[in-house]
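Okay, so here's the structure we're looking at.
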Amino acid sequence: MSTPGTIFDDIRIGLVFFTRLPLPHFEVKDRSFADAIWTAPLVGFAVALLAWLVFAAGNALGLAEGPSAALAIAATMLVTGCLHEDGLSDTADGFGGGRTRERKLEIMRDSRIGSYGAAALVLAILARWSAIVEIEDPAPVFAALVAAHVGSRALIPAFMRHLPQARVDGLAAGVGAVTDGVVIAALAIGAVGLLFLGLKGAVVAALCLAILFFAFRKLSLAQIGGQSGDTIGALQQLAEIALLFVASAILA
């Protein structure tokens, strides 16, 4: 059973893993990353808040929506160390460039970026930028960013729970087993994040996330036989884009 102390420890673990925030050194006993990964959507809220503060500051200084949106996206990439963008580009390169499962995994592990990965990165940044620009005003942009960053990260534990590991080593393989309780906690937080779009928007967003989740799950199984750290990052990016698109349709 979680206590206030373990919840605080889990949040610190999540922030250390998912961000590059300059946090003080700390030691946590008896808590693994698999235990703490329910905090991924909470970390998403912190990332969304930073992005919105940058967007609002640009807006207050007289910048147009385009430059403000670009700075907001840059802030999210800086604070996360492009963790999820890296996963997206590696997944695109592997799925697009490999013929066999082994070759796909080999390409995904290669630090070099190929044409598929570069194209995926450009399109992902452009998609997010265009959605934020379409929304324009700081108040609905805040709602959109919270829903997108919280909701997209809420899928991570479920993806790890319901797909086998594609590798016996690597980042995802070293995390450990994610429990149903962790999955439920993350999805509950994600549902709260989606409510920033209003009840109707939350329902539409949840349906879109469900379709994306099962489609990408099927694709990952077909391509590499399961999930890896790269596919987790790719799922987050695709979900974030989908939620921003929903927000632009509802809030703009």
*Determine whether LEU163 is touching a residue at least 12 places away in the same chain (Cβ under 8 Å), part of a loop (DSSP other than H, G, I, E, B) and in contact with a strand residue (DSSP E or B) (Cβ under 9 Å, 6 or more places away or on another chain).*
yes
*asked:* Return the pair list, or none, for Cβ contacts closer than 7 Å from residues in region 96-117 that are among the hydroxyl-bearing types (Ser, Thr, Tyr) to residues that are assigned to a helix (DSSP H, G or I), at least 6 apart or on different chains.
replied: TYR116/ALA92; TYR116/ASP93; TYR116/GLY96; TYR116/GLY97
*Just one of GLY94, GLY117, GLY81 is crowded, with 21+ Cβ neighbours inside 10 Å and within 30 Å of PHE142 (Cα to Cα); which is it?*
GLY117
*Which one is surrounded by the most Cβ atoms within 10 Å (Cβ to Cβ) among residues in region 132-168 that are among the small types (Gly, Ala, Ser) and closer than 15 Å to ILE73 by Cβ?*
ALA148
*Just checking, how many residues over region 172-203 are farther than 19 Å from PHE142 by Cβ and in a helix (DSSP H, G or I)?*
10
*Within region 125-176, tally of residues that are more than 12 Å from ILE241 (Cα to Cα), touching a helix residue (DSSP H, G or I) at 6+ places or on another chain (Cβ under 7 Å) and of a type in the set (Gly, Ala, Ser)*: 7
_Qualifying residues in region 75-108 (those that are closer than 17 Å to ARG128 by Cβ and charged (D, E, K, R)) - the one farthest from the chain's Cα centre (by Cα)_ = ASP86
_Every residue in region 16-27 that is under 15 Å from HIS84 (Cβ atoms) and not charged (D, E, K, R), please._
PHE17, PHE18, THR19
*Going by the structure shown, is GLY66 surrounded by fewer than 14 Cβ atoms within 10 Å (Cβ to Cβ), of a type outside the set (Lys, Arg) and either modelled with pLDDT of 95 or more or over 22 Å from the mean Cα position of the chain (by Cα) (or both)?*
yes
*Hey, GLU240 hits all of (1) among the acidic types (Asp, Glu); (2) free of Cβ contacts under 8 Å to residues at least 40 places away in the same chain; (3) within 16 Å of VAL150 (Cα to Cα) but one; which does it fall short on?*
(2)
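The values are calculated or read from the model by the stated rules, or taken from the named source; none is laboratory data. Everything quoted here is computed from the prediction, not taken from an experiment. Note that we place each Cβ from the backbone using ideal geometry, even for glycine, and neighbour counts take in every protein chain shown.
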